[in-house]
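Heads up, the thing below is written out as structure tokens.
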Protein chains: 2
Amino acid sequence: MIPGKFAITLHILTLLTKSPDEFLSSEYIAGSMNINPVLVRKEIGNLKKHNVVESREGKFGGTRLAKPAAAISLEDIFNMTFNSVSLGYSKNDPNPDCPVGKKINENLDVLYKSINTKICKQLKDISLLQFTSNF
Amino acid sequence: MIPGKFAITLHILTLLTKSPDEFLSSEYIAGSMNINPVLVRKEIGNLKKHNVVESREGKFGGTRLAKPAAAISLEDIFNMTFNSVSLGYSKNDPNPDCPVGKKINENLDVLYKSINTKICKQLKDISLLQFTSNF
DNA sequence: ATTTTTGTAATATATTTTATTACAGTAATG
DNA sequence: CATTACTGTAATAAAATATATTACAAAAAT
């Protein structure tokens, strides 16, 4: 998973919220966060897939929100950009002949799933509109 | 931050919990998780710094818990191995001339801090002993 | 003395992220 | 209807990060 995905997506959506109904170009958006426009377009592609934004191609093209910022929760954004929160796994497959190695990952999974559930619950109550009200 | 740090450390501590009072070698531990012994020794160094384990050098040396597994919480381990949970930041510094770019990171910080607080509260109630009881 | 282990530094390899380049397709506008 | 300014997407390059490896001094058991 791309570490910056959630942050970049939220940044994009904040800009779109702050310019309602305007079509912003990927280059303009990229300029606000100092990253490459192609990366912005990729994340916008993801947002479009989830019907959160809509784009117009061609001259004066760009992207805008497809629904009110009040109707988008941070949980929605989280689910679109994050597989799940985790505190990590060891890179290699553990030794299956070791009683601990054999079960460590499933036990981590249980733990991480429960963390995840709580985070989702927390993010569900924050709308994009609310988040952007601090700018 | 090293992604596998928490998982590796928890794996080490689980092994130590399952062999109370025995000094386990870094090579044995590394074998259970299929990683390099040097990486294990590094994480053990971190655990020693926090007085969670103690090591003995020389022949038949190794590491064991320095206190009962019931007295170690997953929050303790989390705090030793994770700076803080976050949903990520965009890699580059955002544009300070953009009202959104200027404030995005502090707003993300607020969000992530609140997520973090809840996770810590959750982890505080799980002891290492409890976690290892599922093996 | 020899062996086995920790502790630690330095370096190399692998992996993952991000950036860049390139270009076809679309739509507005003179 | 040519030109301009965009999107969409693929392919590749570069940078950053994580992990592995090598090496060796120091410690302790026998």
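Considering only the other residues whose Cβ falls under 15 Å of the Cβ of B:M33, what net charge follows from Lys and Arg at +1 and Asp and Glu at -1? With Lys, Arg at +1 and Asp, Glu at -1, the net is +2.
Against chain B, whose longest principal axis comes from its Cα atoms, helix B:37-49 is set at around 80 degrees.
Couplings 3J(HN,Hα) for segment B:66-79, derived from phi with the Karplus relation 6.51 cos²θ - 1.76 cosθ + 1.60 (θ = phi - 60°), are 9, 8, x, 4, 6, 9, 10, 9, 4, 5, 4, 5, 4, 5 Hz, where x marks Gly and Pro.
Using 0.36 nm per residue and subtracting the Cα-Cα separation, the extra length available between A:L129 and A:I2 on full extension is 43.3 nm. Taking the centroid of alpha carbons for each part, segment A:49-93 and segment A:111-135 are 14 Å apart. Here, segment A:59-135 is characterised by an Rg to Rh ratio of 1.22, where Rg is the alpha-carbon radius of gyration and Rh the Kirkwood radius.
Give A:K18/B:K121; A:K48/A:K113; A:K49/B:K42; A:K18/B:K124; A:K91/B:K49 a once-over and call out the pairs whose C-alpha atoms are over 32 Å from each other. Before the final figure, lay out the partial values.
Numbers: A:K18/B:K121 35 Å; A:K48/A:K113 27 Å; A:K49/B:K42 43 Å; A:K18/B:K124 39 Å; A:K91/B:K49 24 Å.
A:K18/B:K121; A:K49/B:K42; A:K18/B:K124, as the Cα separations exceed 32 Å there.
For chain A, the solvent-accessible area with a 1.4 angstrom probe is 51 square angstrom per residue.
Count the net charge of all other residues whose Cβ sits under 15 Å from the Cβ of B:I2, scoring Lys and Arg as +1 and Asp and Glu as -1.
Result for the neighbourhood of B:I2: +3.
Apolar share of the accessible surface for segment A:1-107: 48 percent from carbon plus sulfur atoms, 1.4 Å probe. FRET efficiency for the pair A:T117 and B:N92, taken as 1/(1 + (r/R0)^6) with r the Cβ-Cβ distance and R0 = 30 Å, rounds to 0.40.
In the context of the full protein assembly, A:H50 retains an accessible surface of approximately 80 Å², using a probe radius of 1.4 Å and ignoring ligands and nucleic acids.
The helix-only estimate of mean residue ellipticity at 222 nm for chain B, built from DSSP H runs of length n ≥ 4 each weighted as -39500 (n - 2.57), is -17000 deg cm²/dmol after division by the residue total. For the pair B and A, the buried accessible area comes to roughly 3700 Å² in total, with a 1.4 Å probe and the value rounded to the nearest 100.
For segment A:85-126, report the convex hull volume of the alpha-carbon atoms normalised per residue, in Å³, without decimals.
Details: hull volume 2.2 nm³, N = 42.
Residue-normalised Cα hull volume stands at 53 Å³.
The largest-to-smallest principal axis extents of the Cα set in the protein assembly as shown are 73, 32, 31 Å.
When the alpha-carbon atoms of chain A are used, the pair Rg, Dmax equals 18.3, 62 angstrom.
The values are calculated or read from the model by the stated rules, or taken from the named source; none is laboratory data. Please read all numbers here as calculations on a predicted model, not as lab measurements. Reconstructed Cβ throughout: ideal geometry from the backbone, glycine too, with neighbour counts over all protein chains shown. Heavy atoms of the whole protein, side chains included, go into the accessibility calculation; ligands, DNA and RNA do not. Shrake-Rupley method; radii C 1.70, N 1.55, O 1.52, S 1.80 Å.
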